[in-house]
Amino acid sequence: MRARVLAFWILFSALSVLPLFPTGAEELLAGVGRVDITRPGTDAGENPPMVKALALSRGGTEAVLITVDAVAVAGIGSIRDPYLADVRTALSESFGIAPESVLVNASHCHALVAEDIVARTVAAVKAAWENRVPVRIGAGEGHEDGIMENRRLILKSGAVIDVRHAYALPPDDEVAAVGPIDPRIGLLRIDRIDTGQPLAAVYQFACHPIQGVPSGGNTADLTGFASRVIEANLGDGSATALFLQGCGGDINPVLYKSVTLPRDGEMHGNRLGLSALAGLRKIETSAEASLAIRREILTLPRADHAPRIAEMEAEIDALVDSLKGTKLNFETFLPLYVKYHVNSDFPSEASHRYLQDELLKKEDWKTLDANNEAAMAAYLRNIRVMEDLTRRQINLALLERHQADTRKVGKTVEAEVVSLRVGDFRLVTFPAELTVEVGFGIREKSPHPLTFVSGYTNGYLYYAPTVEQMKNRGGAQEDSDCLLGPGWQAIFEEAAVRMLAE
């Protein structure tokens, strides 16, 4: 009996000093950090903009994923160049993190951030880097299709315009169809090995977070609300949720143009958070996940907008010439319009007055109605021309601005593309507002089912529509606020698919 007991304790002692991973394997480490980046003097309430960092390492491979609640990584908004370069330099000097291992994604919310954003970003990474622990990784996806819509409207004429606050919607009787949405939520779950609790959740989704809050104040918008839902309900509530903006260039939140409801991203965010949470809870994690990150700098063609600018100037002149005189003004048009839509059979007077005319074989009331209807139609034609003019002039100004920049800087532009692999989670990024169909094209060619494409990363090159959508310059903002030439998409797709296959 003593021999058996002694043998047991020898075996137990040997097992107790074995590593948690098989001999020769390297631990996957992860840490998280977050810092409030609200601009001093602004009130962000309970949904402040944040910078969050996820630091990952395995052996000699390291990757730092930074998410920032701002409209862009420089270019437009509160963050200015050389933000990315300064962050990378600070991380390299302080922690030895290679610049090519750093990925920064902007949520595209329109929050106002603090001027010391570089220092706050570095502080978030410092917390993440210094608190790395062994983790398990799992990837998956969620589904949400009720909080967003494609801003593109395809008209019966074949024209394509978009939904913006900058100009009016087209008349309902002219709209034939809408563009597609992407309901997938890309999910990466990271659990601590020591406690088994979730450490971080990365969720990627395509939608402009531009709904705001009813007060109009500073806010992290719908994605901030979504992160709060995830963090409060995943595991013991200690996890950090990091949002990655996807191919949201032409994706709006629903009710974006509503004039009957307050603008409030909380409803959208709560639903997105719950949908992401449902997917995260289904993911199984493993300590054997791979880690890899790679960066390439692409040289892309800039667009020559001069021909389209000349065409649009002629189109605008033609629209101005089409405006015709009308005897109505708004004060006379509005009551007429209401009256003729309340009772289209007898709009001007009670029915018996029309019947009296019929009895006397007169058409006085019918003649009045015909004249009024013609005057209203002429007035409405002018209104529609005015709305069309507004849209064209705003989009023409975008083309002119990018054309002026092209004359200054030349015919090409550089774009940083990053591929990140964490287990089965595959991400490829681009520094512009990719439209949803760009992401579809890359995912269809990727050999990995859990492939996700994010714009708004490591820079800002305005909108990046497909080659086909570029034929619509002047019709929609995302096709006009674009400095890229048609060849950009093939170059990016080739690089993205190649990097994803490695």
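Computed from the coordinates by the stated procedures, all read-outs in this text should not be read as laboratory data. Keep in mind that this is a model prediction, so the values were computed, not measured. Positions of Cβ are backbone-derived with ideal geometry, glycine not excepted, and every protein chain shown enters the neighbour counts.
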If one compares the long axis through the Cα atoms of helix 436-445 with the longest principal axis of the Cα atoms of the chain, the angle in degrees, nearest 10, works out at 40 degrees
Is any residue of region 171-200 close enough, with backbone N under 11 Å, to a label point placed 7 angstrom from the Cα of V133 along the Cα-Cβ axis, and if so, which? 191-200
With every atom except the alpha carbons ignored, what do you get for Rg and Dmax of region 209-323, in angstroms? 22.1, 69
Select from I442, L461, A124 the residue farthest towards the positive end of the dipole of the chain; place +1 on Cβ of Lys and Arg, -1 on Cβ of Asp and Glu, and compute about the Cα centre. A124
Under a Cβ-Cβ cut-off of 12 Å, what is the net charge of the residues other than R308 that fall near it, where Lys and Arg count +1 and Asp and Glu count -1? -3
Based on alpha-carbon atoms only, what is the radius of gyration of the chain relative to the globular estimate 2.2 N^0.38 Å? 1.22
Under 5 Å between amide H atoms, partner at least 5 residues away or on a different chain: which partners does H208 have, H built in plane at 1.01 Å? I251, N252
Would you mind telling me the antiparallel percentage of the DSSP bridges in the chain, rounded to 5? 80 percent
Fewest-first sequence of S446, S480 by Cβ atoms within 10 Å of each Cβ: S446, S480
For S286, list long-range residues whose amide hydrogen, built 1.01 Å from N in the peptide plane, is under 5 Å from its own amide hydrogen. I137, G138
Excluding V436 itself, calculate the net charge of residues whose Cβ lies under 9 Å from the Cβ of V436, where each Lys or Arg counts +1 and each Asp or Glu counts -1. -3
Distant-in-sequence amide H partners of V213 (H built 1.01 Å from N, under 5 Å): G265
Size of electric dipole in the chain: Cβ of Lys, Arg +1 and of Asp, Glu -1, about Cα centre, debye, nearest 20: 1080 debye
Between D194 and E494, how many nm apart are label points set 7 Å from Cα along the C-beta direction? 4.9 nm
Mind checking the angle between helix 83-95 and the chain's longest principal axis? C-alpha axes, 0 to 90 degrees, to the nearest 10. 10 degrees
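Fewest first, what order do W129, W365, W488 take by the number of other Cβ atoms within 10 Å?
W365, W129, W488
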Using +1 on the beta carbon of Lys and Arg, -1 on that of Asp and Glu, and nothing else charged, what's the dipole of region 306-409 about the Cα centre, debye to 20? 300 debye
Determine, for F205, F225, the number of other Cβ atoms within 10 Å of each Cβ, and report the residues in order from fewest to most. F225, F205
Count the net charge of all other residues whose Cβ sits under 11 Å from the Cβ of F425, scoring Lys and Arg as +1 and Asp and Glu as -1. +1
Which angle from 0 to 90°, rounded to the nearest 10, does the C-alpha axis of helix 2-16 make with the longest principal axis of the chain? 40 degrees
Mean shadow area of region 306-409, taken as a quarter of the surface of its Cα convex hull (nm²): 8.7 nm²
Please report, in debye to the nearest 20, how large the charge dipole of region 345-502 is about its Cα centre when each Lys and Arg carries +1 at its beta carbon and each Asp and Glu carries -1 there. 500 debye
